[in-house]
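Okay, so here's the structure we're looking at.
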There are 2 protein chains.
Amino acid sequence: MTLKKETEEQIFLAAQRVFQKKGFAGARMQEIADEADINKSMLHYYYRSKEKLFLEVFQSSVKKIFPQLVEILSSGDDLETKVKRVVDFYYNTFKKHPTLPSFVIHEMNQHPNRFKEFINSLDVEVPSQFAEQLKSDIEAGRIMPMKPAHFLINIVSLCLMPVIARNMVQTLFSMDDDEFENFLEERKELVPKIIFSGVKR
Amino acid sequence: MTLKKETEEQIFLAAQRVFQKKGFAGARMQEIADEADINKSMLHYYYRSKEKLFLEVFQSSVKKIFPQLVEILSSGDDLETKVKRVVDFYYNTFKKHPTLPSFVIHEMNQHPNRFKEFINSLDVEVPSQFAEQLKSDIEAGRIMPMKPAHFLINIVSLCLMPVIARNMVQTLFSMDDDEFENFLEERKELVPKIIFSGVKR
DNA sequence: GTCTATATAACGATAGAC
DNA sequence: GTCTATCGTTATATAGAC
C-alpha cells in the first residue's frame with residue numbers, strides 16, 4: 001500500500017493534462033495511466049470509468065474559470081479595478097493552464113445541458129449591483145453605452161480568444177514562443193484600455 | 001449507378017456536419033453514413049479513410065475563414081469599411097455554420113504543424129499596405145495605438161468568441177435562442193464602434 | 001492496493017456478391 | 001456503384017492472483 005491519496009491525486013493530475021489537451025473523445029485511458037506512471041487498472045479502481053474521471057476533471061476546470069470571475073465582479077472595487085483584476089486573473093490562469101479554456105468550450109459544446117445544470121448548481125450569477133455600476137460608468141462617459149452582457153463578453157473575448165487560438169496567431173503573424181508570450185503581456189495593458197475607451201467622438 | 005457526384009457531395013456535406021459538431025476523435029463513420037443516408041462502405045469507396053475524409057472537411061473549413069478575411073483586408077476600402085465588412089462576413093458565415101470556428105480551433109490545436117503547413121500553402125498573408133493604413137488611422141486619433149496583430153486579433157476575438165462560447169453566454173445571461181440571435185445582431189454594430197473608439201481620454 | 005491477463009464491445013476498414 | 005458480412009484492431013472495463 002502506497003499512500004492512497006497520492007495515487008488518486010497523481011491520476012487526477014495526469015487526467016487533467018490529457019483531457020485538457022485531447023478532449024474526452026481523443027483521450028485514452030492508457031495515455032493517462034502512462035502520464036501518471038501508474039498501472040491502467042488503477043484508473044478504474046479509483047474512478048470506476050473514463051466518464052466519471054472525465055466529469056471530475058471537467059467540473060474542476062469549470063470551477064477554475066467562473067467562480068473567481070463572479071467573485072471579482074461582486075467585490076467592492078470600482079469598475080476599472082475589476083476589469084484589470086479579471087484580465088490579470090485570466091492571463092495568469094491560462095499561463096499555467098494554456099489548454100483550459102479551449103477544453104471547457106469544446107466539452108461544453110458537446111454536452112450543453114449537462115454544462116448548464118452544473119453551472120446552475122454552482123449558482124455563479126452576475127451580481128445585480130454590477131449592472132448599476134456599469135450604468136454609472138457609461139453615464140460618466142468612461143464606457144460606450146452597452147448592455148452588461150456585451151461588456152462582460154467583450155472582456156472575456158479579448159482575454160480568452162488569443163489563448164485559445166494561439167496557434168492561429170503564431171502562424172498568421174510568424175511569432176515564435178517568446179514573441180507570443182510578449183504579445184500576451186502587451187494585451188494585459190491593452191485590453192482594459194479598450195474596454196474603457198469611452199464614447200466615440 | 002446513381003449520380004456519382006451527388007453521392008460524393010452528400011457524403012462530404014454529412015461529414016462536414018458531423019466533424020464540425022463532434023470533432024475528428026468524436027465523429028463516427030457510421031454516424032456520417034446515417035447523416036448522409038448512405039451505406040457506410042461508400043464512405044471508404046469515395047474517401048478511402050476517415051483521416052482523408054476529415055482532411056478534406058478541415059481544409060475546406062479553414063478556407064471559409066481565412067482567405068476571405070485577407071481578401072477584405074487587401075481591398076481598396078478605408079479601414080472602417082474593412083472592419084465592418086469583416087464583422088459582417090464573420091457573423092453571416094457563422095450564422096450558417098455555427099460550429100465552424102470551434103471546430104477549426106479544436107482541430108488546429110490537435111495538429112498545430114499540419115495546420116501551419118496548410119495555412120502557409122494557401123499563402124494567406126496580411127497585406128503590407130494594411131500596417132500603414134492602420135498607422136494613419138492611429139495618427140488621426142481614430143484608433144488607439146497598437147500593433148497590427150493586436151488590432152486584428154481584437155476584431156476576430158470580439159466576433160468569434162460569442163459564437164464559440166454560445167452555450168456559456170446563453171447560460172450565464174439566461175438567454176433563449178431568439179434573445180441570443182438578437183444579441184449577435186447588436187454586436188454587428190457594437191464591435192466596429194469598439195474597434196474605432198479612439199484614444200482614451 | 002497493485003499487477004497481469006482477459007472479456008467485451010466498438011470502430012475503421014475490406015472482401016466479395018450483385 | 002452499392003450492398004452485406006466480416007476481419008482486425010483498439011479501447012474500456014473487469015477478474016483474479018498476489
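The values are calculated or read from the model by the stated rules, or taken from the named source; none is laboratory data. In this text the structure is predicted, and so the values were computed from the model without any measurement. We place every Cβ from the backbone using ideal geometry, glycine too, and count neighbours over all the protein chains shown.
Residues in segment A:163-193 that are among the β-branched types (Val, Ile, Thr) and touching a residue at least 40 places away in the same chain (Cβ under 8 Å): A:VAL163, A:ILE164, A:VAL191. Residues in segment B:135-147 that are within 21 Å of A:THR171 (Cα to Cα) and surrounded by 17 or more Cβ atoms within 10 Å (Cβ to Cβ): B:MET146 only. Under 6 Å between Cβ atoms, which residue pairs at least 6 apart in sequence (or on different chains) link something in segment A:15-26 that is within 10 Å of chain B (Cβ to nearest Cβ) with a partner that is buried (at least 22 other Cβ atoms within 10 Å of the Cβ)? Hits for this filter: A:GLY23/A:HIS106.
For segment B:58-102, which positions are hydroxyl-bearing (Ser, Thr, Tyr) and part of a helix (DSSP H, G or I)? Let's see the steps before the verdict.
Start the filter on segment B:58-102 by keeping residues that are hydroxyl-bearing (Ser, Thr, Tyr), which leaves B:60-61, B:74-75, B:81, B:90-91, B:93, B:99, B:102.
The answer is B:SER60, B:SER61, B:THR81, B:TYR90, B:TYR91, B:THR93, B:SER102.
As a summary of the residue check, B:SER121 satisfies the conditions (1) closer than 18 Å to B:LYS64 by Cβ; (2) within 17 Å of the chain's Cα centre (by Cα); (3) more than 10 Å from every other protein chain (Cβ to nearest Cβ) except for the one numbered (2).
Residues that are touching a Phe, Trp or Tyr at 6+ places or on another chain (Cβ under 7 Å) and at the interface with chain B (Cβ under 8 Å from one of its Cβ atoms) within segment A:176-201 comprise just one, A:LYS200.
Would it be correct to say that B:LEU152 is more than 7 Å from chain A (Cβ to nearest Cβ) and surrounded by fewer than 17 Cβ atoms within 10 Å (Cβ to Cβ)? No, not satisfied. The criterion of being within 25 Å of B:ILE105 (Cβ to Cβ), within 13 Å of DNA strand C (Cβ to nearest atom) and in contact with a helix residue (DSSP H, G or I) (Cβ under 6 Å, 6 or more places away or on another chain) does not hold for A:LYS40.
For segment A:1-27, a residue qualifies if it is outside any helix (DSSP H, G or I) and more than 13 Å from DNA strand C (Cβ to nearest atom), and exactly one does: A:ALA27. Suppose we keep only residues that are in contact with a helix residue (DSSP H, G or I) (Cβ under 7 Å, 6 or more places away or on another chain) and β-branched (Val, Ile, Thr) within segment B:1-31. Which one would you say is nearest to DNA strand D (Cβ to nearest atom)? Once the filter is applied, the top-ranked residue is B:THR7. Among the criteria (1) under 24 Å from A:LYS22 (Cβ atoms); (2) out of contact with any Phe, Trp or Tyr (no Cβ under 8 Å at 6 or more places or on another chain), the one B:PHE54 does not fulfil is (2). Inspect segment A:27-49 for any residue being touching a residue at least 40 places away in the same chain (Cβ under 8 Å) and either surrounded by 17 or more Cβ atoms within 10 Å (Cβ to Cβ) or in the same structural domain as A:ILE164 (by TED's automatic domain parsing) (or both) and give the result as yes or no. Within segment A:27-49, none of the residues are touching a residue at least 40 places away in the same chain (Cβ under 8 Å) and either surrounded by 17 or more Cβ atoms within 10 Å (Cβ to Cβ) or in the same structural domain as A:ILE164 (by TED's automatic domain parsing) (or both).
Here B:LYS63 clears all of (1) without any contact (Cβ under 8 Å) to a residue 60 or more places away in the chain; (2) farther than 16 Å from B:LYS188 by Cα; (3) of a type outside the set (S, T, N, Q); (4) surrounded by 15 or more Cβ atoms within 10 Å (Cβ to Cβ) except the condition numbered (4). Of note, A:LYS82 satisfies the criterion of being over 30 Å from A:PHE12 (Cα atoms), of a type outside the set (Asp, Glu), more than 16 Å from DNA strand C (Cβ to nearest atom) and away from chain B (no Cβ under 12 Å).
The combined condition, being farther than 26 Å from A:LEU69 by Cα and either of a type outside the set (Ser, Thr, Tyr) or in the same structural domain as B:PHE19 (by TED's automatic domain parsing) (or both), is not fulfilled by B:LYS193.
Filter segment A:32-67 for residues that are within 29 Å of A:VAL124 (Cα to Cα) and of a type in the set (A, V, I, L, M, F, W, C); which is farthest from DNA strand D (Cβ to nearest atom)?
The first filter runs over segment A:32-67 and keeps only residues within 29 Å of A:VAL124 (Cα to Cα), leaving A:47, A:49-67.
The next check asks that each one be of a type in the set (A, V, I, L, M, F, W, C); those that pass are A:53-55, A:57-58, A:62, A:65-66.
Details: A:LEU53: 8, A:PHE54: 9, A:LEU55: 11, A:VAL57: 13, A:PHE58: 15, A:VAL62: 21, A:ILE65: 25, A:PHE66: 27 Å.
Selected residue: A:PHE66.
For segment A:157-175, the set of residues classified as facing chain B (nearest Cβ under 7 Å) and under 26 Å from B:GLU189 (Cα atoms) consists of A:SER157, A:LEU158, A:LEU160, A:MET161, A:PRO162, A:ILE164, A:ALA165, A:MET168, A:VAL169, listed by residue number. Within segment A:48-72, the only residue that satisfies the criterion of being over 16 Å from the mean Cα position of the chain (by Cα) and more than 15 Å from A:PHE24 (Cα to Cα) is A:ARG48. Within segment B:165-185, none of the residues are at positive phi and surrounded by 14 or more Cβ atoms within 10 Å (Cβ to Cβ).
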